[in-house]
Structures are given as C-alpha cells and as structure tokens.
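The values are calculated or read from the model by the stated rules, or taken from the named source; none is laboratory data. Keep in mind that this is a model prediction, so the values were computed, not measured. Every residue, glycine as well, gets a Cβ built from its backbone with ideal geometry; the counts of neighbours run over all protein chains shown.
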Amino acid sequence: MKKIALWMLVVAMTVACSREADNTMYVKGTIKGLKKGTLYLQKQKDSLIVSVDSVFVDGTDTFILQDEIESPEMYYLALGSGNKKIAFFGERDTVNVSSDLDKFAIKAKITGSENQARLDKYYEMAKKFNDQNLDLIKEEFEARKKGSQDSIAAVEEKMNNWTRRRYLYTTNFAINNGSYEVSPYIALTELTDANVALLDTINSSLSEEVKASKYGKQLDRFIKSIKESQPTGSESIENESAEIPSN
C-alpha cells in the first residue's frame, strides 16, 4: 500500500509539474549596450502595472525572465525604475525580445509571439490612418483660418468618413483574427467609443478558447456594461467592408 501511495504521489507531482511547464512563458533576449541594471517583467493586474519577475544584469547583455500565464496578454519589459518599457504580447513557451540601450522601446524586436506579429500588422495599417488624420487636422486648421464655412463643413465630413473607415477596418481585422487573443484586445483598446453593434460582431466571431481568455472575458463584460447603461439598444450599422487607406 505504501508503494502504491508513493507511486500515486510521484504521478501527481509529475502531472502538476507538467501543467506548470505548459503555462510557463520564458522571455529571453539581448539588450545591446546594457552592462549593468535591473530588468523587470511586468503586466497589468486590475488597474496597476506590477512586476512578476526581475533579473539583475551585470557584465552581460543577455537575460531570461519567466511567468505563469493562463492566456496570452500584454506584458512589459521595463529597464530599472524609469519609464523605459517595451510592450509585447506574451504567450506560453518562449518569447524573444531584443533591443539596444539607447533606443530601448523604439528598436525593440519581438519574435515567438503570434499575437504580437498580428498586432504589429494592425499597427502598420493604423499608422496610415493616423497619418491621414494629421493631414485632416491640418486641412481643418487652414479652413478655419480662412473662415470658409463650406471648407470647414467639407473637412468635417471627411473626418466623419475617416472615423467610420477606421472603425470598420479595425472591426474587420478583429473578426478575421477571432481565433487569437489580439482580437478582443484590439476591440478593448481601439473601439471603446464605437457603436456596440461593432463590438457585438467581434465578440460573436471569437473562438471558444479566445472567449475564455483574459481579454475575451473583459470584452464580454464591457459589452454587457454598455447595454445595461443603454437599455434601449444601439443604432444598427450596415454590414460593409472597410476601405484600406492608401499611402
């Protein structure tokens, strides 16, 4: 009986260790130019950014950090106690982060995270929308400077169209990536002031695994809170594709 009990204990410990390993994220990388300092692995808990691991670098520019992760979510690699942070989508297994000391966040390169790769692709297109918005702001300024009401009205119409196109592109991107946690993350960070119908559409497109993730649950709660505050419902929108902005 003792041998059986011991065998069962060993099996239980092996299974527990295996589950722990399956949920472990390792963050490995190199920070060129860093000779001495502390790197912190951080993530958001409730409304606070907290450190979950740290390593003191002394005489080497390589590092390794780790955390137990239930589902992919945003992490931060922070250098010291300052504002130098690299944001990245953490996932199980190994994520590689490389950069240099002088341009810590700007030169950061992230590999090993499929969600991060898809988020980078979204940000590439979002930059085109942002550039267009800057052009429209400049155009509006010039119109108001001239005092031309017709020109002002025309620019305002362009801005409304720009907003609609951005919302629709973001929604389509999130729908097309519904099997990745980046989908509800984008909805929560880019579409919080959009029509709830868009958020509902994204929520319906999520895979069951993503719905059960951290951001999937947050998106569902966010949609419910909107509907509770607006019991009459939201205005419906046409089902149309977003136009991709040109360079």
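Annotation: of all residues in region 193-238 being outside any helix (DSSP H, G or I) and closer than 18 Å to V182 by Cβ, the one that is modelled with the lowest pLDDT is A194. For region 15-33, the criterion of being in contact with a strand residue (DSSP E or B) (Cβ under 9 Å, 6 or more places away or on another chain), part of a loop (DSSP other than H, G, I, E, B) and at pLDDT 95 or above is met by none of the residues.
Here the condition is being among the acidic types (D, E) and either in contact with a Phe, Trp or Tyr (Cβ under 6 Å, 6 or more places away or on another chain) or part of a strand (DSSP E or B) (or both); of D53, D102, it holds for D53 alone. For region 152-173, a tally of residues being of a type in the set (S, T, Y) and surrounded by fewer than 16 Cβ atoms within 10 Å (Cβ to Cβ) returns 1.
Among the candidates I152, I186, I175, the residue that is part of a helix (DSSP H, G or I), assigned by TED's automatic domain parsing to the domain that holds I223 and in contact (Cβ under 8 Å) with a residue 60 or more places away in the chain is uniquely I186. For the structure I just gave you, tell me whether E124 is in a helix (DSSP H, G or I) and more than 28 Å from R92 (Cβ to Cβ). So E124 fails the test.
Every residue, every condition in (1) surrounded by 14 or more Cβ atoms within 10 Å (Cβ to Cβ); (2) closer than 19 Å to D61 by Cα, yes or no:
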| residue | (1), (2) |
| --- | --- |
| P72 | yes, no |
| L101 | yes, yes |
| K107 | yes, yes |
| D131 | no, no |
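I'd like to know if region 136-147 contains one or more residues that are aromatic (F, W, Y), in a helix (DSSP H, G or I), assigned by TED's automatic domain parsing to the domain that holds Y180 and in contact with an Asp or Glu (Cβ under 9 Å, 6 or more places away or on another chain). So far as region 136-147 goes, no, none of its residues is aromatic (F, W, Y), in a helix (DSSP H, G or I), assigned by TED's automatic domain parsing to the domain that holds Y180 and in contact with an Asp or Glu (Cβ under 9 Å, 6 or more places away or on another chain).
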